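Below: the structure, in structure tokens.
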Amino acid sequence: MSATREQFGSRIGFILAAAGSAVGIGNMVGFPVAATKNGGGAFLLIYAIFVAFICLPVMLAEMSVGRHSRKDPLGAYSTMSNNHNGWKVAGWLSIITPFMIAVFYLVITVWIFGYLYQSVTGNLDMLAAPDTFGSFINGVDLIYYSLAVLAIIYLILQGGVKRGIEKAAKIMMPALFIMLVALVIFVLTLDNAFEGVKYYVIPDFSKINASVVSAALSQAFFSLSLGMGIMITYGSYLDSKSDVAGSAKMVALLDTAVAFIAGLLILPAVFSFNPNIDTSELSDSSVGMIFTFLPKIFLALQTSIGYTGASAVASLFFVLVFFAAITSMVSIFEVPVAALMEEKKFKRRKALGLLGLLLVVMGVMAATSFGVADFFTQFTQYAGQSKSFFDLIIDVFYDTILPLNGLLICIFVMYRWKKINFTQEMDVNSQSQGNNWFIRYVNFSVSTFIPIILLAVFVNTVALKYF
Ligand code: PHE
């Protein structure tokens, strides 16, 4: 353990930073759309059960490993397994996965920044035009947007844990929350808005089936930023006295609350714009929804609040999503940065520079996957489909490796690190010595059914995606 290791300055700082990672594009758009398509209130219920009973224990496992080892994921897996080669592979996976996810998350964050810029500068009508998205993602302007986004990420991460990550989260998260609530209140005053609320919250149990249940689980897992070494890395910046279990509960609660409230924004806006909407129009890809559908919805508000008003609402929305995306992006990128600092003794600036360069190169490969470069647009082929470089990253790292990493951390904690040590780490401040029901539940679930479920998800994804 190095004496100079950085730490979060306060418990609330840690909670906001971890929640900043968790609250992202998945909450602002993915969750509302998924809930709408899959039974509204019924989906919400299933989702909340998964967060509480499956994801929260996994989050605790990750945070505890981080805090115990005070290392990046690779360092944690190596030292806690006495340099076991097999576990080192798990460590490497926990570093490569976030790096690769950073590549595609960066591309989407850059698009959001571009949409923010265009709506602030009065071009909402252009964004809402039918073919805008297709040309936007292949446009030269992306270069400028990328430079701006990279500069913001660099500045935050250059500030380190306390003055960079924690400070950014302490400003952006409360701002996001306040703007979100303000926007919800406004949208609820629009005509017909309550149709949207009804559609969103009234449970429709007839829509629940096996694929909905599995969608809810993946959404919850991704939304809490699990399986990526992030909670290990952030946990490693916690001091040894802080209450890991209490913090993890807060993070899960905040993340779920933001997702739910984002639904109260999007659905009423959609219904107010078009009372007889065919909800199948809400495309299932959250990304498509933000860029092709929502600008139209915002523009339609001009009949009630004028073009400037509509642009203001759109701008506010894109700022929200941008804040959410930036704090997530920062957390994803911090993992490989921390690993390079720890394992290769690089200074923060050097680690950032080197990985930043690599990120730019891969980011260009991903960003030109939509037509600009044929080589990346038709990068590979499997399961009878041609896949771009961007698709490949999503399929492999996001859909396949995330549950695998979750599975590995559960097995590692229970069967290598051992239950007694895990319990002590979670329960460090209490006198209960693992006797409280929550800790007992976490121990039981992480050693039994959670790894089985994650294994099933992994096998199922592999079977469906690649064969
Ligand atoms: N949890 C974020 C979201 O909901 C995305 C994310 C995933 C961020 C993994 C970091 C790591 O959008």
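The values are calculated or read from the model by the stated rules, or taken from the named source; none is laboratory data. Because the structure is predicted, anything quoted here is derived from the model rather than measured. Positions of Cβ are generated from backbone atoms using ideal geometry, with glycine treated the same way; all protein chains shown enter the neighbour counts.
Could you say whether any residue in the stretch 382-392 is within 19 Å of LEU150 (Cα to Cα), outside any helix (DSSP H, G or I) and of a type outside the set (A, V, I, L, M, F, W, C)?
Within the stretch 382-392, the first condition is being within 19 Å of LEU150 (Cα to Cα), and the residues that meet it are 390.
Now narrow it down to the ones that are outside any helix (DSSP H, G or I): none.
Among the residues of the stretch 382-392, not one is within 19 Å of LEU150 (Cα to Cα), outside any helix (DSSP H, G or I) and of a type outside the set (A, V, I, L, M, F, W, C), which makes the answer no.
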Quick check, is TYR234 of a type in the set (Phe, Trp, Tyr), assigned to a helix (DSSP H, G or I) and more than 26 Å from ILE108 (Cβ to Cβ)?
-> no
Only residues that are buried (at least 22 other Cβ atoms within 10 Å of the Cβ), away from the ligand (no atom under 16 Å from the Cβ) and of a type in the set (A, V, I, L, M, F, W, C): list them for the stretch 91-132, please.
-> LEU124, LEU127
A careful count of residues in the stretch 200-221 that are surrounded by 15 or more Cβ atoms within 10 Å (Cβ to Cβ), of a type in the set (Ser, Thr, Tyr) and more than 16 Å from the ligand (Cβ to nearest atom) gives 2
Give just the number: which of (1) without any contact (Cβ under 8 Å) to a residue 60 or more places away in the chain; (2) in contact with a Pro (Cβ under 6 Å, 6 or more places away or on another chain) does LEU340 not satisfy?
-> (2)
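So which residues in the stretch 453-463 are more than 15 Å from VAL51 (Cα to Cα) and under 23 Å from the mean Cα position of the chain (by Cα)? Give the steps one after another, and end with the answer.
Of the residues in the stretch 453-463, the ones more than 15 Å from VAL51 (Cα to Cα) are 455-463.
Result: LEU455, ALA456, VAL457, PHE458, VAL459, ASN460, THR461, VAL462.
Conditions tested, residue by residue: (1) crowded, with 20+ Cβ neighbours inside 10 Å; (2) part of a helix (DSSP H, G or I).
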site: GLN7; (1), (2): no, no
site: ILE15; (1), (2): yes, yes
site: PHE31; (1), (2): yes, yes
site: PHE53; (1), (2): no, yes
site: PRO57; (1), (2): yes, yes
site: GLY66; (1), (2): yes, yes
site: LEU74; (1), (2): yes, yes
site: SER78; (1), (2): yes, yes
Reported set for the stretch 149-161 where residues are part of a helix (DSSP H, G or I) and more than 18 Å from ALA22 (Cα to Cα) is VAL149, LEU150, ALA151, ILE152, TYR154, LEU155, GLN158, GLY160
Out of all the residues in the stretch 290-304, is one or more small (Gly, Ala, Ser), in a helix (DSSP H, G or I) and under 21 Å from the mean Cα position of the chain (by Cα)?
-> no
Candidates SER135, SER146 - the one that is part of a helix (DSSP H, G or I), surrounded by fewer than 16 Cβ atoms within 10 Å (Cβ to Cβ) and modelled with pLDDT under 95 = SER135
Residues located in the stretch 222-267, provided they are within 12 Å of the ligand (Cβ to nearest atom) and of a type in the set (Asp, Glu) = ASP255
Cβ pairs under 8 Å, 6+ apart or interchain, first in the stretch 18-33 and over 17 Å from ILE171 (Cβ atoms) and more than 8 Å from the ligand (Cβ to nearest atom), second charged (D, E, K, R) and outside any helix (DSSP H, G or I), ordered by first then second residue, are VAL33/ASP284
Test for LEU454: is it farther than 24 Å from ASP243 by Cα, touching a Phe, Trp or Tyr at 6+ places or on another chain (Cβ under 7 Å), part of a helix (DSSP H, G or I) and at pLDDT 90 or above | no
Among the listed residues LEU147, LEU142, LEU124, LEU116, which satisfies the condition of being aliphatic (A, V, I, L, M) and under 17 Å from ALA324 (Cα atoms)?
-> LEU116
Got a sec? Which of SER311, SER242 is in a helix (DSSP H, G or I), of a type in the set (S, T, N, Q) and in contact with a helix residue (DSSP H, G or I) (Cβ under 6 Å, 6 or more places away or on another chain)?
-> SER311
Out of LEU16, LEU44, LEU60, LEU56, report the one residue that is more than 20 Å from SER328 (Cα to Cα) and not aromatic (Phe, Trp, Tyr).
-> LEU44
Residue hits (the stretch 318-342; more than 12 Å from the ligand (Cβ to nearest atom), touching a Ser or Thr at 6+ places or on another chain (Cβ under 8 Å) and either closer than 20 Å to PHE113 by Cα or of a type in the set (Ser, Thr, Tyr) (or both)) are PHE318, PHE322
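Given VAL360, VAL287, which one is more than 16 Å from the ligand (Cβ to nearest atom), surrounded by fewer than 21 Cβ atoms within 10 Å (Cβ to Cβ) and under 22 Å from the mean Cα position of the chain (by Cα)? Spell out how you get there, then give the answer.
On the way: VAL287 fails: more than 16 Å from the ligand (Cβ to nearest atom).
Matching residue, one of VAL360, VAL287: VAL360.
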Check on VAL287, of a type in the set (A, V, I, L, M) and touching an Asp or Glu at 6+ places or on another chain (Cβ under 9 Å) | no
